[in-house]
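Trainee: Sharing a structure here in C-alpha coordinates format.
The values are calculated or read from the model by the stated rules, or taken from the named source; none is laboratory data. None of the values given here were measured: they were computed from a predicted structure. Counting neighbours? That spans all protein chains shown, and the Cβs are built from the backbone with ideal geometry, glycine included. Only protein heavy atoms, including side chains, enter the accessible area calculation; ligands, DNA and RNA are left aside. Shrake-Rupley method; radii C 1.70, N 1.55, O 1.52, S 1.80 Å.
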Amino acid sequence: MGDSVLYNDFSYTAVIRTLGKAGEKYQTLLDTLCAQSLPPQKILVFIAEGYDLPKETCGREEYVVCEKGMIHQRSMDFNQVETPWILFCDDDLSFEKDSVERLVKALLKSAENGMESSVISPNTFSNHLASKKTKLKNILSMVLPTASKKYAFRLRKSGFYTYCNHPESVMPTQTFAGPCCFIKKSSYQKLNFQNERFLDSFHYPLGEDTLFSYKCFLLGFNPLVHYESGIIHLDASSGHVQNPGQMIQMQNASRYCVWYRAVYQVQKNSWNRFIAKLCFHAACSQICTYLLFTGFLKRNLTNFVNFKKGIKMGKNYTKTEEYKKIPMFWGGEK
(Lines give C-alpha, C1' and ligand atoms only; values in the text may rest on other atoms or scores of the structure.)
Protein backbone atom coordinates (compact mmCIF):
# COMPACT_ATOMS: atom_id res chain seq x y z
CA MET A 1 0.00 0.00 0.00
CA GLY A 2 2.87 2.35 0.76
CA ASP A 3 4.20 2.04 -2.77
CA SER A 4 0.80 2.78 -4.30
CA VAL A 5 0.50 5.95 -2.20
CA LEU A 6 3.93 7.08 -3.41
CA TYR A 7 3.05 6.25 -7.00
CA ASN A 8 -0.11 8.38 -6.76
CA ASP A 9 2.20 11.38 -6.46
CA PHE A 10 3.41 10.52 -9.96
CA SER A 11 0.02 10.66 -11.68
CA TYR A 12 0.81 11.68 -15.24
CA THR A 13 -0.54 12.62 -18.65
CA ALA A 14 1.12 11.28 -21.79
CA VAL A 15 1.66 14.13 -24.28
CA ILE A 16 2.52 13.02 -27.81
CA ARG A 17 3.64 15.23 -30.71
CA THR A 18 2.94 13.95 -34.21
CA LEU A 19 2.28 14.66 -37.86
CA GLY A 20 0.14 11.55 -37.98
CA LYS A 21 2.47 9.63 -40.29
CA ALA A 22 4.21 7.13 -38.01
CA GLY A 23 1.74 4.34 -38.79
CA GLU A 24 2.37 1.02 -37.04
CA LYS A 25 5.01 2.57 -34.81
CA TYR A 26 2.45 5.07 -33.52
CA GLN A 27 0.06 2.19 -32.86
CA THR A 28 2.81 0.44 -30.90
CA LEU A 29 3.28 3.57 -28.80
CA LEU A 30 -0.44 3.81 -28.01
CA ASP A 31 -0.74 0.11 -27.20
CA THR A 32 2.30 0.02 -24.93
CA LEU A 33 1.26 3.21 -23.13
CA CYS A 34 -2.15 1.75 -22.36
CA ALA A 35 -0.54 -1.47 -21.10
CA GLN A 36 1.66 0.28 -18.51
CA SER A 37 1.68 -1.01 -14.94
CA LEU A 38 1.38 2.70 -14.10
CA PRO A 39 -0.92 3.87 -16.92
CA PRO A 40 -1.38 7.53 -17.88
CA GLN A 41 -4.43 9.34 -16.58
CA LYS A 42 -4.93 10.79 -20.05
CA ILE A 43 -3.28 10.56 -23.49
CA LEU A 44 -3.13 13.90 -25.33
CA VAL A 45 -1.90 13.97 -28.92
CA PHE A 46 -0.77 17.33 -30.31
CA ILE A 47 -1.05 17.10 -34.08
CA ALA A 48 0.11 19.81 -36.48
CA GLU A 49 -2.64 21.74 -38.24
CA GLY A 50 -3.32 20.66 -41.81
CA TYR A 51 -2.51 16.99 -41.14
CA ASP A 52 -5.08 14.19 -41.09
CA LEU A 53 -5.77 12.40 -37.82
CA PRO A 54 -4.11 8.98 -37.86
CA LYS A 55 -6.29 5.90 -38.27
CA GLU A 56 -4.34 4.13 -35.52
CA THR A 57 -6.05 4.25 -32.12
CA CYS A 58 -6.15 2.75 -28.65
CA GLY A 59 -9.51 4.31 -27.84
CA ARG A 60 -8.12 6.64 -25.16
CA GLU A 61 -6.25 9.33 -27.04
CA GLU A 62 -7.55 12.90 -27.36
CA TYR A 63 -6.34 15.13 -30.18
CA VAL A 64 -5.34 18.79 -29.96
CA VAL A 65 -4.61 20.64 -33.22
CA CYS A 66 -1.69 23.05 -32.95
CA GLU A 67 0.88 24.91 -35.03
CA LYS A 68 3.43 22.72 -36.79
CA GLY A 69 6.97 22.54 -35.43
CA MET A 70 8.93 20.20 -33.17
CA ILE A 71 9.30 22.97 -30.60
CA HIS A 72 5.84 24.44 -31.08
CA GLN A 73 4.30 21.04 -30.40
CA ARG A 74 6.29 20.70 -27.17
CA SER A 75 6.01 24.26 -25.92
CA MET A 76 2.27 24.72 -25.48
CA ASP A 77 0.78 25.84 -22.15
CA PHE A 78 -0.71 22.33 -21.82
CA ASN A 79 -3.68 23.56 -19.82
CA GLN A 80 -5.34 20.25 -20.72
CA VAL A 81 -2.86 18.49 -18.43
CA GLU A 82 -4.40 18.13 -14.96
CA THR A 83 -1.78 15.81 -13.46
CA PRO A 84 1.42 16.69 -11.55
CA TRP A 85 3.63 14.97 -14.16
CA ILE A 86 3.91 14.92 -17.95
CA LEU A 87 5.31 12.09 -20.04
CA PHE A 88 6.47 13.73 -23.29
CA CYS A 89 6.65 11.28 -26.20
CA ASP A 90 7.45 11.36 -29.87
CA ASP A 91 5.10 9.22 -31.96
CA ASP A 92 7.52 6.34 -32.58
CA LEU A 93 8.35 4.82 -29.20
CA SER A 94 7.82 1.43 -27.63
CA PHE A 95 7.48 0.81 -23.88
CA GLU A 96 7.89 -2.32 -21.83
CA LYS A 97 5.01 -2.93 -19.42
CA ASP A 98 6.82 -1.42 -16.41
CA SER A 99 8.85 1.28 -18.21
CA VAL A 100 7.15 4.23 -16.52
CA GLU A 101 7.36 2.43 -13.18
CA ARG A 102 11.12 2.10 -13.67
CA LEU A 103 11.38 5.86 -14.27
CA VAL A 104 9.36 6.58 -11.13
CA LYS A 105 11.49 4.25 -9.01
CA ALA A 106 14.62 6.06 -10.21
CA LEU A 107 13.08 9.40 -9.25
CA LEU A 108 12.14 8.10 -5.79
CA LYS A 109 15.66 6.78 -5.29
CA SER A 110 17.15 10.16 -6.30
CA ALA A 111 15.06 11.81 -3.58
CA GLU A 112 16.25 9.24 -1.02
CA ASN A 113 19.85 10.03 -1.99
CA GLY A 114 19.35 13.75 -1.38
CA MET A 115 19.43 14.81 -5.06
CA GLU A 116 15.72 14.94 -5.85
CA SER A 117 15.11 15.12 -9.57
CA SER A 118 12.07 16.52 -11.35
CA VAL A 119 12.93 15.18 -14.82
CA ILE A 120 14.16 11.86 -16.17
CA SER A 121 14.70 10.65 -19.72
CA PRO A 122 15.29 7.17 -21.14
CA ASN A 123 18.48 6.63 -23.09
CA THR A 124 17.05 6.16 -26.59
CA PHE A 125 20.32 6.60 -28.54
CA SER A 126 22.94 4.19 -27.21
CA ASN A 127 26.22 5.84 -28.21
CA HIS A 128 28.14 3.62 -25.78
CA LEU A 129 26.91 0.47 -27.53
CA ALA A 130 27.85 1.64 -31.04
CA SER A 131 30.45 -0.22 -33.11
CA LYS A 132 34.06 0.98 -33.07
CA LYS A 133 33.59 2.30 -36.61
CA THR A 134 30.54 4.34 -35.60
CA LYS A 135 32.29 5.62 -32.48
CA LEU A 136 35.24 6.78 -34.60
CA LYS A 137 32.89 8.51 -37.03
CA ASN A 138 31.20 10.20 -34.06
CA ILE A 139 34.57 11.35 -32.71
CA LEU A 140 35.35 12.93 -36.07
CA SER A 141 32.00 14.72 -35.73
CA MET A 142 33.05 15.88 -32.22
CA VAL A 143 30.76 13.53 -30.26
CA LEU A 144 33.24 12.14 -27.75
CA PRO A 145 33.21 9.18 -25.31
CA THR A 146 34.44 9.69 -21.78
CA ALA A 147 35.33 7.42 -18.87
CA SER A 148 33.94 9.93 -16.36
CA LYS A 149 30.78 8.78 -14.60
CA LYS A 150 29.82 12.19 -13.25
CA TYR A 151 27.29 12.73 -16.06
CA ALA A 152 25.63 10.52 -18.63
CA PHE A 153 25.99 13.36 -21.15
CA ARG A 154 27.89 16.60 -20.73
CA LEU A 155 27.53 19.69 -22.92
CA ARG A 156 30.97 21.08 -23.72
CA LYS A 157 31.83 24.71 -24.37
CA SER A 158 32.02 23.84 -28.06
CA GLY A 159 28.29 23.04 -28.04
CA PHE A 160 29.03 19.37 -28.76
CA TYR A 161 28.64 16.70 -26.11
CA THR A 162 30.46 13.84 -24.45
CA TYR A 163 28.78 10.60 -23.44
CA CYS A 164 29.71 8.12 -20.70
CA ASN A 165 31.20 5.09 -22.40
CA HIS A 166 30.46 2.70 -19.51
CA PRO A 167 27.32 4.07 -17.86
CA GLU A 168 25.49 2.91 -14.76
CA SER A 169 21.78 2.10 -15.02
CA VAL A 170 20.71 5.60 -13.90
CA MET A 171 22.96 8.65 -14.03
CA PRO A 172 22.74 12.43 -13.60
CA THR A 173 23.10 14.32 -16.85
CA GLN A 174 23.45 17.78 -18.35
CA THR A 175 21.52 16.95 -21.52
CA PHE A 176 19.31 14.18 -22.84
CA ALA A 177 17.67 13.06 -26.07
CA GLY A 178 14.34 14.52 -27.19
CA PRO A 179 12.05 11.57 -28.04
CA CYS A 180 10.87 11.03 -24.46
CA CYS A 181 11.07 12.52 -20.98
CA PHE A 182 9.11 12.38 -17.75
CA ILE A 183 8.92 15.81 -16.11
CA LYS A 184 7.05 17.50 -13.30
CA LYS A 185 4.56 19.94 -14.81
CA SER A 186 5.56 22.74 -12.44
CA SER A 187 9.18 22.33 -13.56
CA TYR A 188 8.19 22.30 -17.23
CA GLN A 189 6.38 25.61 -16.77
CA LYS A 190 9.57 27.22 -15.49
CA LEU A 191 11.42 26.35 -18.71
CA ASN A 192 9.57 28.96 -20.80
CA PHE A 193 10.25 26.67 -23.72
CA GLN A 194 8.07 28.81 -25.99
CA ASN A 195 11.04 31.20 -26.13
CA GLU A 196 12.87 28.63 -28.24
CA ARG A 197 10.26 28.48 -31.02
CA PHE A 198 12.52 30.54 -33.26
CA LEU A 199 14.45 27.35 -33.97
CA ASP A 200 11.48 25.86 -35.84
CA SER A 201 12.07 28.45 -38.57
CA PHE A 202 15.14 26.41 -39.62
CA HIS A 203 12.79 23.47 -40.44
CA TYR A 204 15.41 20.96 -39.23
CA PRO A 205 15.84 22.16 -35.60
CA LEU A 206 19.01 20.30 -34.66
CA GLY A 207 19.57 20.83 -30.95
CA GLU A 208 16.01 21.43 -29.77
CA ASP A 209 16.55 18.64 -27.23
CA THR A 210 19.69 20.43 -26.03
CA LEU A 211 17.75 23.64 -25.39
CA PHE A 212 15.11 21.73 -23.45
CA SER A 213 17.37 19.47 -21.40
CA TYR A 214 20.25 21.86 -20.71
CA LYS A 215 17.84 24.44 -19.34
CA CYS A 216 16.54 21.70 -17.01
CA PHE A 217 20.13 21.30 -15.82
CA LEU A 218 20.79 25.03 -15.43
CA LEU A 219 17.57 25.52 -13.48
CA GLY A 220 18.57 22.86 -10.96
CA PHE A 221 16.05 20.15 -11.86
CA ASN A 222 18.80 17.49 -11.49
CA PRO A 223 17.94 15.66 -14.73
CA LEU A 224 18.58 11.92 -14.93
CA VAL A 225 19.10 9.44 -17.75
CA HIS A 226 17.79 5.89 -17.38
CA TYR A 227 19.70 3.29 -19.41
CA GLU A 228 17.45 0.33 -18.58
CA SER A 229 13.94 1.78 -18.91
CA GLY A 230 12.86 -0.55 -21.70
CA ILE A 231 11.78 2.45 -23.80
CA ILE A 232 12.90 2.11 -27.42
CA HIS A 233 12.97 4.71 -30.17
CA LEU A 234 11.56 3.04 -33.29
CA ASP A 235 12.51 5.96 -35.58
CA ALA A 236 9.53 6.43 -37.90
CA SER A 237 11.40 9.16 -39.87
CA SER A 238 8.09 10.82 -40.66
CA GLY A 239 9.84 14.03 -41.70
CA HIS A 240 10.89 13.21 -45.28
CA VAL A 241 14.07 14.96 -46.44
CA GLN A 242 13.44 16.48 -49.87
CA ASN A 243 16.60 18.56 -50.09
CA PRO A 244 19.65 17.07 -48.28
CA GLY A 245 21.81 20.11 -49.03
CA GLN A 246 19.27 22.48 -47.51
CA MET A 247 18.93 20.15 -44.52
CA ILE A 248 22.69 20.33 -43.82
CA GLN A 249 22.61 24.12 -44.04
CA MET A 250 19.57 24.46 -41.78
CA GLN A 251 20.84 21.94 -39.24
CA ASN A 252 24.14 23.75 -38.88
CA ALA A 253 22.48 27.15 -38.74
CA SER A 254 20.46 25.65 -35.90
CA ARG A 255 23.65 24.18 -34.38
CA TYR A 256 25.26 27.63 -34.26
CA CYS A 257 22.19 29.25 -32.70
CA VAL A 258 21.93 26.56 -30.02
CA TRP A 259 25.61 26.97 -29.12
CA TYR A 260 25.33 30.76 -29.14
CA ARG A 261 22.20 30.75 -27.00
CA ALA A 262 22.78 27.90 -24.54
CA VAL A 263 26.57 28.05 -24.20
CA TYR A 264 28.11 31.34 -25.35
CA GLN A 265 25.52 33.76 -23.98
CA VAL A 266 25.25 32.11 -20.55
CA GLN A 267 28.97 32.49 -19.78
CA LYS A 268 29.57 34.75 -16.79
CA ASN A 269 32.38 36.88 -18.20
CA SER A 270 34.16 37.85 -21.41
CA TRP A 271 37.03 35.42 -20.79
CA ASN A 272 34.68 32.44 -20.59
CA ARG A 273 32.88 33.65 -23.71
CA PHE A 274 36.22 33.85 -25.50
CA ILE A 275 37.04 30.25 -24.46
CA ALA A 276 33.59 29.09 -25.62
CA LYS A 277 34.09 30.78 -28.99
CA LEU A 278 37.55 29.22 -29.31
CA CYS A 279 36.14 25.75 -28.52
CA PHE A 280 33.29 26.10 -31.01
CA HIS A 281 35.53 27.21 -33.87
CA ALA A 282 38.09 24.50 -33.05
CA ALA A 283 35.35 21.86 -33.23
CA CYS A 284 34.03 23.30 -36.50
CA SER A 285 37.58 23.29 -37.92
CA GLN A 286 37.91 19.58 -37.16
CA ILE A 287 34.56 18.86 -38.83
CA CYS A 288 35.58 20.94 -41.85
CA THR A 289 38.82 18.97 -42.13
CA TYR A 290 36.86 15.72 -42.02
CA LEU A 291 34.33 16.96 -44.62
CA LEU A 292 37.14 18.20 -46.88
CA PHE A 293 38.97 14.88 -46.67
CA THR A 294 35.88 12.78 -47.41
CA GLY A 295 34.80 15.31 -50.04
CA PHE A 296 38.08 14.99 -51.94
CA LEU A 297 37.84 11.21 -51.78
CA LYS A 298 34.32 11.34 -53.23
CA ARG A 299 35.16 14.28 -55.52
CA ASN A 300 32.20 16.14 -54.07
CA LEU A 301 32.60 19.05 -51.64
CA THR A 302 28.88 19.76 -51.35
CA ASN A 303 28.64 18.74 -47.68
CA PHE A 304 31.63 20.94 -46.78
CA VAL A 305 30.15 23.93 -48.60
CA ASN A 306 26.71 23.45 -47.03
CA PHE A 307 28.22 23.08 -43.56
CA LYS A 308 30.04 26.41 -43.94
CA LYS A 309 26.92 28.10 -45.32
CA GLY A 310 24.86 26.80 -42.42
CA ILE A 311 27.23 28.12 -39.75
CA LYS A 312 27.28 31.51 -41.49
CA MET A 313 23.49 31.52 -41.72
CA GLY A 314 23.18 30.85 -37.98
CA LYS A 315 25.74 33.53 -37.13
CA ASN A 316 23.85 36.08 -39.23
CA TYR A 317 20.56 35.17 -37.57
CA THR A 318 21.90 35.86 -34.06
CA LYS A 319 22.69 39.41 -35.21
CA THR A 320 19.13 40.15 -36.32
CA GLU A 321 16.64 42.26 -34.38
CA GLU A 322 14.28 39.27 -34.42
CA TYR A 323 16.74 37.19 -32.42
CA LYS A 324 17.69 40.03 -30.08
CA LYS A 325 14.05 40.36 -29.00
CA ILE A 326 14.02 36.78 -27.67
CA PRO A 327 14.41 36.65 -23.86
CA MET A 328 17.76 35.37 -22.64
CA PHE A 329 18.06 31.59 -22.46
CA TRP A 330 18.85 31.62 -18.78
CA GLY A 331 19.49 34.48 -16.43
CA GLY A 332 20.75 32.55 -13.42
CA GLU A 333 17.36 32.25 -11.68
CA LYS A 334 16.29 29.03 -10.00
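Trainee: Find how much the distance from ASN165 to ASP9 grows on full extension, using 0.36 nm per residue of separation minus their present alpha carbon separation; answer in nm with one decimal.
Mentor: Values: separation 156, 0.36 × 156 = 56.16 nm, distance 3.37 nm.
Length difference between fully extended and current span is 52.8 nm.
Trainee: What accessible area, in Å² to the nearest ten, does a 1.4 Å probe give for ILE275?
Mentor: The accessible area comes out at roughly 50 Å².
Trainee: Right, something else. With only alpha-carbon pairs counted, each pair once and no self-pairs, how large is the Kirkwood hydrodynamic radius of region 158-250 in angstroms? The partial results should precede the final answer.
Mentor: Working: mean 1/r = 0.0654 Å⁻¹.
So the Kirkwood estimate lands at 15.3 Å.
Trainee: Right, next: Kindly rank 174-180, 117-123 from highest to lowest mean number of other beta carbons found within 10 Å of each residue.
Mentor: Answer by packing, highest mean first, reads 117-123, 174-180.
Trainee: Residues with amide H under 5 Å of VAL225's amide H, sequence separation 5 or more or different chain, H placed in the peptide plane at 1.01 Å from N; which?
Mentor: Distant-sequence amide H within range of VAL225: SER121, MET171, THR173.
Trainee: Could the peptides 195-205, 71-81 be put in order, highest first, of the mean number of other beta-carbon atoms found within 10 Å of their residues?
Mentor: Working: 195-205: 19.8, 71-81: 17.5.
Going from most to least packed, we get 195-205, 71-81.
Trainee: Of the candidates PHE296, PHE125, PHE304, which one comes out as most mobile in a Gaussian network treatment of the chain with C-alpha springs shorter than 10 Å?
Mentor: Checking each option, the largest mean-square fluctuation is seen for PHE296.
Trainee: Could you sort out which of LYS21/LYS315; LYS109/LYS149; LYS21/LYS308; LYS157/LYS315 sit more than 27 Å apart by Cα distance in this structure?
Mentor: Details: LYS21/LYS315 34 Å; LYS109/LYS149 18 Å; LYS21/LYS308 32 Å; LYS157/LYS315 17 Å.
Too far apart for the 27 Å limit: LYS21/LYS315; LYS21/LYS308.
Trainee: Moving on. For the chain, set up a Gaussian network in which alpha carbons nearer than 10 Å are linked by springs, and say which option among ASP90, ASP209, ASP52 fluctuates the most.
Mentor: ASP52
Trainee: Which order do you get for VAL143, VAL305 if you rank them by accessible area with a 1.4 Å probe, largest at the top? Before the final figure, lay out the partial values.
Mentor: Working: VAL143 20, VAL305 60 Å².
Highest to lowest solvent-accessible surface, that is VAL305, VAL143.
Trainee: In the structure shown, do any of LYS25/LYS137; LYS135/LYS268; LYS42/LYS184; LYS55/LYS185 have a Cα-Cα gap over 27 Å, and if so which? Could you put the intermediate results ahead of the total?
Mentor: Numbers: LYS25/LYS137 29 Å; LYS135/LYS268 33 Å; LYS42/LYS184 15 Å; LYS55/LYS185 29 Å.
As for pairs spanning more than 27 Å Cα to Cα, those are LYS25/LYS137; LYS135/LYS268; LYS55/LYS185.
Trainee: Among 14-24, 255-265, how do they line up from the highest to the lowest mean number of other beta-carbon atoms within 10 Å? Walk me through the intermediate numbers first.
Mentor: Numbers: 14-24: 20.6, 255-265: 23.1.
Result, highest mean Cβ count within 10 Å first: 255-265, 14-24.
Trainee: Once you list every other residue whose beta carbon is under 13 Å from the beta carbon of LEU292, what net charge do they have if Lys and Arg are +1 and Asp and Glu are -1? Show your work: numbers first, answer last.
Mentor: Details: positive: LYS298, ARG299, LYS308; negative: none.
Result for the local shell: +3.
Trainee: Using only the alpha-carbon atoms of the chain, report the extent along each of the three principal axes, biggest first, to the nearest angstrom.
Mentor: Ordered largest first, the chain gives principal extents of 62, 46, 44 Å.
Trainee: What whole-number value in cubic angstrom gives the convex hull volume per residue for the C-alpha atoms of region 180-329? Could the numbers behind the result be given before it?
Mentor: Details: hull volume 23.3 nm³, N = 150.
Cα-based convex hull of region 180-329, divided per residue, equals 156 Å³.
Trainee: Now a separate question. Could you state the angle between the C-alpha long axis of helix 244-259 and the longest principal axis of the C-alpha atoms of the chain, as a value from 0 to 90 degrees rounded to the nearest 10?
Mentor: Helix 244-259 and the main axis of the chain meet at about 80 degrees.
Trainee: Another one. For the chain, modelled as a Gaussian network with Cα springs under 10 Å, which listed residue fluctuates most, LEU292, LEU29, LEU218?
Mentor: LEU292
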